[in-house]
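Have a look at the structure below, then the notes.
The values are calculated or read from the model by the stated rules, or taken from the named source; none is laboratory data. Computed from a predicted structure; not experimentally measured. Quick reminder, even Gly has a Cβ in these numbers, built from the backbone with ideal geometry, and neighbours come from all protein chains shown. Just the protein is used for accessible areas: all its heavy atoms, side chains included, with ligands, DNA and RNA removed. Shrake-Rupley method; radii C 1.70, N 1.55, O 1.52, S 1.80 Å.
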2 protein chains.
Amino acid sequence: MKALGRHVLGEFYHCNPEVLNDLAKIENIMKEAALESGATILGSFFHPFQPHGVSGVVVIAESHLSIHTWPEYGYAAVDVFTCGKVVDPWKALRYLKESLQAENFSAMEVRRGNLEEVAAVSESGTLSQADKACYGF
Amino acid sequence: MKALGRHVLGEFYHCNPEVLNDLAKIENIMKEAALESGATILGSFFHPFQPHGVSGVVVIAESHLSIHTWPEYGYAAVDVFTCGKVVDPWKALRYLKESLQAENFSAMEVRRGNLEEVAAVSESGTLSQADKACYGF
């Protein structure tokens, strides 16, 4: 299926719990992951939880990255959604695996926005136009 | 599989393009969707694109909601990630389908954070403890 975007859901197990509980480190790691993938950062929001854990999102010109951490279980749920052909979500995933010091890791990629479906509703779109469409990228 | 979170990826086709291109409306719809699901909003970030489209994220105490719209194709990609047993991501999805006026809709739910895996790395966690763990919810 040809698609507008790629959405990678990453499961990071057996991470370093101190890193997972450090808001500043997690925010920095997520922004670096975005840049590593070739993305342009537009904004972000991060929140620390009591007694532990961090949630945060980085909105990029090519969609977003998010993270939710459970330091008490050494676990982080990450998703990286990108559109366009320049940005590579898997580069962000690899950077995150290393930075979170995850011993176990799994991920799945979901194609988002079926181009045959969106072409059917576009007045002027063709598959090749849609394939390139990603707000300037 | 028992899991820490539920992550629903929604594909909304044949939506109202005017709604998809209206930053204020999209932000309001996403926040209402979060409340509809029973979530507590912590923060948000929304961004308008030129010539069209909106990206935005609402961070909730139970994880997040995100949206990326392609008004030119009548398409929006949404994801709703929730943890805990109180919040129902599908209530947000149903609200969004109605508000975006989507004629076609599909969604998949991915369980995040395998409890058997996280229990194995927790010093004191048990499956039932982990199952309830969601930062106060």
**Report entry** Within the stretch A:80-94, tally of residues that are open to solvent by less than 60 Å² (accessible area, probe 1.4 Å) and either out of contact with any Pro (no Cβ under 9 Å at 6 or more places or on another chain) or assigned to a helix (DSSP H, G or I) (or both)
**Finding:** 7
Report task. Could you look through the stretch A:95-114, keep only residues that are surrounded by 14 or more Cβ atoms within 10 Å (Cβ to Cβ) and either touching a Gly at 6+ places or on another chain (Cβ under 6 Å) or within 9 Å of chain B (Cβ to nearest Cβ) (or both), and pick out the one that is modelled with the lowest pLDDT? Result -> A:Asn114
Report task. Restrict the check to the stretch A:15-22 and report whether at least one residue is facing chain B (nearest Cβ under 10 Å) and in a strand (DSSP E or B). Result -> no
Query raised in the report: Which one is farthest from A:Thr40 (Cα to Cα), of the residues in the stretch B:43-69 that are in a strand (DSSP E or B) and in contact with a Cys (Cβ under 9 Å, 6 or more places away or on another chain)?
Result: B:Ser63
Query raised in the report: Are any of the residues in the stretch A:118-126 more than 11 Å from every other protein chain (Cβ to nearest Cβ) and either at pLDDT 90 or above or open to solvent by 80 Å² or more (accessible area, probe 1.4 Å) (or both)?
Result: no
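Here's the yes/no breakdown for (1) farther than 30 Å from A:Gly53 by Cβ; (2) crowded, with 23+ Cβ neighbours inside 10 Å; (3) facing chain A (nearest Cβ under 8 Å); (4) charged (D, E, K, R):
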{"site": "B:His7", "(1), (2), (3), (4)": "no, yes, yes, no"}
{"site": "B:Ala24", "(1), (2), (3), (4)": "yes, no, no, no"}
{"site": "B:Ser55", "(1), (2), (3), (4)": "no, yes, yes, no"}
{"site": "B:Glu62", "(1), (2), (3), (4)": "no, yes, no, yes"}
{"site": "B:His68", "(1), (2), (3), (4)": "no, yes, yes, no"}
Query raised in the report: Does B:Glu116 satisfy the criteria of being touching a residue at least 40 places away in the same chain (Cβ under 8 Å), assigned to a helix (DSSP H, G or I) and closer than 21 Å to A:Met108 by Cα?
Result: yes
Report summary line: Picking from A:Met30, A:Met1, the residue that is more than 7 Å from every other protein chain (Cβ to nearest Cβ), open to solvent by less than 10 Å² (accessible area, probe 1.4 Å) and not in a strand (DSSP E or B) would be A:Met30
